[in-house]
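Working notes, structure below.
The values are calculated or read from the model by the stated rules, or taken from the named source; none is laboratory data. Source: prediction; values computed, not measured. Note that each Cβ is placed from the backbone with ideal geometry, even for glycine, and that neighbours are counted across all protein chains shown.
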2 protein chains.
Amino acid sequence: MEYRDFSELAAVTRLRQLARAPFDLTLPGALDARRVEDYRLSSCGFDCLYATQRVDDAVLDGLQDLADEAGVVDKFLAAKEGAVVNRIEGVESENRQVLHTAVRDIFTDSPCHGEASARARQQLDRLRGFLDDLDRGLVVNEKGEAFTTMVQIGIGGSDLGPRALYLALKKYERQGRSARFLANVDPDDAAAVLADLDLSRTLFNVVSKSGTTLETLTNEQLVRDALAGAGLDPGRHLVSVTGAGSPMDNPDNYLASFHMFDYIGGRYSVTSMVGAVTLGFTLGYDAFVDILNGAHEMDRAAEQRNIRRNIPLLMAMLGIWNRNFLGCDTVAVLPYSRALARFPAHLQQCDMESNGKSVSRSGQPVTWATGPVVWGEPGTNGQHAFYQLLHQGTTVVPVEFIGFRQSQFGRDAVVQGTTSQEKLVANMLAQVLALARGRRDGNPNRNFAGNRPGLVLLGERLTPRTMGALLALYESKIIFQGFCWNINSFDQEGVQLGKNLAIRLLNAIEAQGSRAPAGQDSDPAEHALLEACGFLKKAG
Amino acid sequence: MEYRDFSELAAVTRLRQLARAPFDLTLPGALDARRVEDYRLSSCGFDCLYATQRVDDAVLDGLQDLADEAGVVDKFLAAKEGAVVNRIEGVESENRQVLHTAVRDIFTDSPCHGEASARARQQLDRLRGFLDDLDRGLVVNEKGEAFTTMVQIGIGGSDLGPRALYLALKKYERQGRSARFLANVDPDDAAAVLADLDLSRTLFNVVSKSGTTLETLTNEQLVRDALAGAGLDPGRHLVSVTGAGSPMDNPDNYLASFHMFDYIGGRYSVTSMVGAVTLGFTLGYDAFVDILNGAHEMDRAAEQRNIRRNIPLLMAMLGIWNRNFLGCDTVAVLPYSRALARFPAHLQQCDMESNGKSVSRSGQPVTWATGPVVWGEPGTNGQHAFYQLLHQGTTVVPVEFIGFRQSQFGRDAVVQGTTSQEKLVANMLAQVLALARGRRDGNPNRNFAGNRPGLVLLGERLTPRTMGALLALYESKIIFQGFCWNINSFDQEGVQLGKNLAIRLLNAIEAQGSRAPAGQDSDPAEHALLEACGFLKKAG
């Protein structure tokens, strides 16, 4: 596979020229019905409305050339087929395949990567068996009662995605089942989660690929202590999701252990067992398969090379236009759906951990901007919060709106002539238009400069299937951008330094507790900070 | 009061020169124990540790001069005493006082603004009476039972702050009392909140200054319908917080109405009745007064002119250094406390709605950067999510860490030699150090450039009182920055355009429903977008 630096692509030069006078959305007639129709793409149950981006056909052609030159779709296809794309040339790196798409490539006889899909099926079958045993009363608590609650203990990729999807799909929860999540090493997290649980009817699902994540092990220990303290047998209340052969892959300690594989990074693992166990427990096995189905459909649609026919690719390239050519440091993801309240937090991880990089695939410092800061909260709430800055701040923030024509519950009322769902969606459209067009006003404080780019992703209704599609859409968008920037979107070396330093500080605290001498490499500034916290006494 | 443009201040020129070679935190010995001690400030129960900012004494002196030249503390004092600082010269503007500090200036005989503080006391006394009536069984439901749940219905400033504080202080909740929040016009928000409530024992607290907020009225109507549908009397289940004389200030429709005043903007209203009713119901009246006490103490400390002795002023000026001189577009607020999970969302509103402005106090377009994008999630969770970009991304993000020496619950366990609370705080310190110092590595992918500025706010324990102090700290920080940038931090004209446009779109939907002709000012692009949503039929 040929990797080329972003700065060396011919399309970049041309796009730089075009960016000197980007499409002006504020001109009279610039944004008309024709443009809305032309700049609209439908795929996998979603419409992507992008007339309110600062692009014209020349820019879209340039972005197409950029995608082609960088070979982003080819690389995505190669990854699907098992190429080792988690890699940096010439230096020590993870050297792994990237096969999260394989766990949902289970609906045909000829998956892209047969072996990984077969393994995924195997785990799914095991999960189905376990869920059946719960339904049939073969797995029950000490008193023979059914389990009602599952607490997922995990952090980062083992938490954010499953949590976001659970909240998004809670409407479809099975009667008498629910989930909680425990992530933070903050002891108050465990205390608050455990405070109002019926431990006797709770299963704990401990998720860690390595089986050594500090936060997760600590919380598992707190939970085991709490179970034992309540006279319950921890072995009857815990399951694990972990790598085969990890310390957590141990039938003596868990009711069941499901496996995750090293070719699926945490932030891309929602559709693996990392999300499957808790989502399957709460929503049912079939609903989880619906998620996989929606994701798989989007994975197939993402193979299309034409950016005007491929939503993830289009959004990737529009994002690069805003980031590298219009100079925007952040992107806001604003779902007009309370169910998607935590989806931006999942994307924050998936995007920023993937593309917050400054070294190219050949190990050179990059000279172009890579991943932006991703943030967001649901609308209409945000309209009454931070939208002031979106409309009139000195920093331009591109916006991705997500909405649905129908609500989940279907419980609505007409107030002042329209339903709440109509109000919700009308507000979303009004925002994207207002940001784009702005408005001249004689009062400078009521003037809106406009030309703030936005787009709308519109689906029919948020269901397991559309949720799967939306998840896969963003995963592929992020991966396409990483290929275009010629960075490795699949490692996370940037988290190591802080982790190692925390261990040093904890060793220093522990050494003082045991009255052992501090390590010889103790650092005065570290010591002074620990003193400020009262964790170390003043050096005497 | 003399207002001067940021660009005209002499200190700005000097700071620009200093910013050409900002303090290099990565040099050996640059960050030593002495620096940690020198760049540490203790006030109102918090330590601010800022050795890991890219400043030296010359920069701090420059920032002091900048604060002095802009007269930010004088203007803050003038506001406290009732000056009309919500104003833009020469054009129509709100022309109001800014007196959120008065509602907590109730602990001395000589408050800064006697009249506003007297009114605040009056409302507090009414609230105490109402809460006493609940305790004594004088206000009960149809069956004579006590109310157990309060649902606050409000959006923006009537939601985010009270919600953040409720979550932060839930540990201190009274037995048998709890709260929920309903904000979004999304009908699924109401459906989900109502789904698992015992309506008969629930009070709804409807909060809107104008009494006309669309989302809030819509949700109130859904709630009234649900109560009536359950055979309950809505008049016995609703209270309101609103401006005197608003449509919601009506004893026929509410059990009680508490008043808010036009000199307190929504985003600064947490310590007014906007937060008082729900926080008082759940935590008790005395705990709410503790919040006021902590806030008042910080308000007093914020009067200090020396930036090295005034935490909000110091943080304001360090923020300006990072924003205007080092060129950072965003700031991350990362609490190492699960209880503060929603505090960044509150700050996002308070900061971005206040300072996301591009017109000066004299009505001229600003030529300098104003408010940054504020975002954040709790640590250690974020370490496993977006910290990759903080450490190795191409965009530098200044970070404000918030932590506490002790947990709230005090339920902890020693795992691998240290407690969870020690792990939590050690991780926070490790992060701020790692971001600042970086680390050279032969593997370019494991190299950390460092010089990423951070600071730590460290308190003893998160209690009502320290929560009040923390809230007031950030309110004043934001206001100081606004004065320095010479913008009006107290209006929000930027939210009007989208709001008006939404009304237009809803009118178009309503007109079609009634088969009346569409308004003559109907716009083709608006129409096309509504068609895409299926809300309007194709024209023609």
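Please verify whether A:Val359 is modelled with pLDDT of 95 or more and more than 8 Å from chain B (Cβ to nearest Cβ), treating the condition exactly as stated.
no
From the list B:Gly438, B:Gly393, B:Gly459, which residue is at pLDDT 95 or above, closer than 30 Å to B:Gly156 by Cβ and not assigned by TED's automatic domain parsing to the domain that holds B:Leu165?
After ruling out the rest, the residue left standing is B:Gly459.
Output the residues belonging to the range A:6-29 that are in contact (Cβ under 8 Å) with a residue 40 or more places away in the chain and either of a type in the set (Gly, Ala, Ser) or buried (at least 18 other Cβ atoms within 10 Å of the Cβ) (or both).
A:Phe6, A:Ser7, A:Leu9, A:Ala10, A:Ala11, A:Val12, A:Leu15, A:Leu18, A:Ala19, A:Pro22, A:Leu25
Before we move on, is A:Val36 crowded, with 17+ Cβ neighbours inside 10 Å, in contact with an Asp or Glu (Cβ under 9 Å, 6 or more places away or on another chain), over 30 Å from A:Met428 (Cβ atoms) and not acidic (Asp, Glu)?
no
Looking at this structure, is B:Val333 of a type in the set (Val, Ile, Thr), over 30 Å from B:Asp135 (Cβ atoms), in contact with a Gly (Cβ under 9 Å, 6 or more places away or on another chain) and at pLDDT 95 or above?
Against the criterion (of a type in the set (Val, Ile, Thr), over 30 Å from B:Asp135 (Cβ atoms), in contact with a Gly (Cβ under 9 Å, 6 or more places away or on another chain) and at pLDDT 95 or above), B:Val333 qualifies.
Identify all residues within the range A:127-171 that are among the hydrophobic types (A, V, I, L, M, F, W, C), touching a strand residue (DSSP E or B) at 6+ places or on another chain (Cβ under 7 Å) and under 14 Å from A:Leu283 (Cβ atoms); write none if there are none.
Listed by number, the residues that qualify are A:Leu127, A:Met150.
Please work out which residue is nearest to the chain's Cα centre (by Cα), limiting yourself to the range B:337-387 and to residues that are assigned to a loop (DSSP other than H, G, I, E, B) and hydrophobic (A, V, I, L, M, F, W, C).
Here the residue is B:Ala341.
If A:Arg121 meets every condition in (1) buried (at least 16 other Cβ atoms within 10 Å of the Cβ); (2) touching a residue at least 12 places away in the same chain (Cβ under 8 Å); (3) over 21 Å from the mean Cα position of the chain (by Cα); (4) away from chain B (no Cβ under 14 Å) apart from one, which number is that one?
Just one mismatch for A:Arg121, condition (1).
Here is a list: B:Asp286, B:Asp252, B:Asp329, B:Asp262. Which entry is farther than 23 Å from B:Pro162 by Cα and outside the structural domain of B:Asp65 (by TED's automatic domain parsing)?
B:Asp252
With the range B:1-93 as the region, which helices (runs of 4 or more DSSP H) entirely inside it contain at least 2 residues that are within 22 Å of B:Gly438 (Cα to Cα) and within 12 Å of chain A (Cβ to nearest Cβ)?
B:33-38
Of a type outside the set (Val, Ile, Thr), at the interface with another protein chain (Cβ under 9 Å from one of its Cβ atoms) and touching a helix residue (DSSP H, G or I) at 6+ places or on another chain (Cβ under 8 Å): is that true of A:Arg439 in this structure?
Here the answer is yes, as A:Arg439 does meet what is asked.
Which of the residues belonging to the range B:173-215 are modelled with pLDDT of 95 or more, out of contact with any Phe, Trp or Tyr (no Cβ under 7 Å at 6 or more places or on another chain) and within 18 Å of B:Leu255 (Cα to Cα)?
Selection gives B:Leu199, B:Ser200, B:Phe204, B:Asn205, B:Val206, B:Val207, B:Ser208.
Tell me, please, whether a residue that is modelled with pLDDT of 95 or more and within 30 Å of A:Leu435 (Cα to Cα) can be found in the range A:484-499.
Yes, some residue in the range A:484-499 is modelled with pLDDT of 95 or more and within 30 Å of A:Leu435 (Cα to Cα).
Part of a loop (DSSP other than H, G, I, E, B), under 25 Å from B:Leu134 (Cβ atoms) and away from chain A (no Cβ under 11 Å): which single residue out of B:Leu227, B:Leu232 fits that description?
B:Leu232
Can you tell me which residue among A:Gly243, A:Gly229, A:Gly266 is touching a helix residue (DSSP H, G or I) at 6+ places or on another chain (Cβ under 6 Å) and at pLDDT 95 or above?
A:Gly266 is the lone residue from the list that is touching a helix residue (DSSP H, G or I) at 6+ places or on another chain (Cβ under 6 Å) and at pLDDT 95 or above.
What number of residues in the range A:53-101 are touching a Phe, Trp or Tyr at 6+ places or on another chain (Cβ under 7 Å), free of Cβ contacts under 8 Å to residues at least 60 places away in the same chain and not assigned by TED's automatic domain parsing to the domain that holds A:Phe325?
Selection size over the range A:53-101: 0.
Does B:Thr52 satisfy the condition of being surrounded by fewer than 20 Cβ atoms within 10 Å (Cβ to Cβ) and either in contact with a helix residue (DSSP H, G or I) (Cβ under 7 Å, 6 or more places away or on another chain) or more than 30 Å from B:Arg461 (Cα to Cα) (or both)?
No: the conditions fail for B:Thr52.
Among the residues of the range B:180-222, which ones are surrounded by 22 or more Cβ atoms within 10 Å (Cβ to Cβ), β-branched (Val, Ile, Thr) and assigned to a loop (DSSP other than H, G, I, E, B)?
Correct list: B:Val185, B:Thr213.
Residues of the range A:217-233 being farther than 12 Å from A:Ser200 by Cβ and without any contact (Cβ under 8 Å) to a residue 12 or more places away in the chain, which ones?
Matches in the range A:217-233: A:Leu217, A:Gln221, A:Asp225, A:Ala228, A:Gly229.
Go through the range A:429-452 and give me each residue that's buried (at least 18 other Cβ atoms within 10 Å of the Cβ) and not in a loop (DSSP other than H, G, I, E, B).
Scanning the range A:429-452 gives A:Leu429, A:Ala430, A:Gln431, A:Val432, A:Leu433, A:Ala434, A:Leu435, A:Ala436, A:Arg437, A:Asn445, A:Arg446, A:Phe448.
What number of residues within the range A:124-146 are in contact (Cβ under 8 Å) with a residue 60 or more places away in the chain, part of a loop (DSSP other than H, G, I, E, B) and either within 14 Å of chain B (Cβ to nearest Cβ) or surrounded by 13 or more Cβ atoms within 10 Å (Cβ to Cβ) (or both)?
2
Of the residues that make up the range A:402-415, is at least one buried (at least 23 other Cβ atoms within 10 Å of the Cβ) and closer than 30 Å to B:Thr394 by Cα?
Yes: one or more hits.
Give the residue that is farthest from the other protein chains (Cβ to nearest Cβ), with candidates limited to residues of the range B:388-428 that are assigned to a strand (DSSP E or B) and without any contact (Cβ under 8 Å) to a residue 12 or more places away in the chain.
Filtering first and then ranking leaves B:Val414.
Mind checking whether some residue in the range B:461-482 is within 13 Å of chain A (Cβ to nearest Cβ) and in contact with a strand residue (DSSP E or B) (Cβ under 7 Å, 6 or more places away or on another chain)?
Scanning the range B:461-482, I find at least one residue that is within 13 Å of chain A (Cβ to nearest Cβ) and in contact with a strand residue (DSSP E or B) (Cβ under 7 Å, 6 or more places away or on another chain), so the answer is yes.
Within the range B:147-165, does at least one residue satisfy the condition of being among the acidic types (Asp, Glu), within 12 Å of chain A (Cβ to nearest Cβ) and buried (at least 24 other Cβ atoms within 10 Å of the Cβ)?
Yes, that holds for at least one residue.
Which is over 12 Å from A:Ser337 (Cβ atoms), in a strand (DSSP E or B), touching a Pro at 6+ places or on another chain (Cβ under 9 Å) and in contact (Cβ under 8 Å) with a residue 40 or more places away in the chain, of A:Leu473, A:Leu455?
It is A:Leu455.
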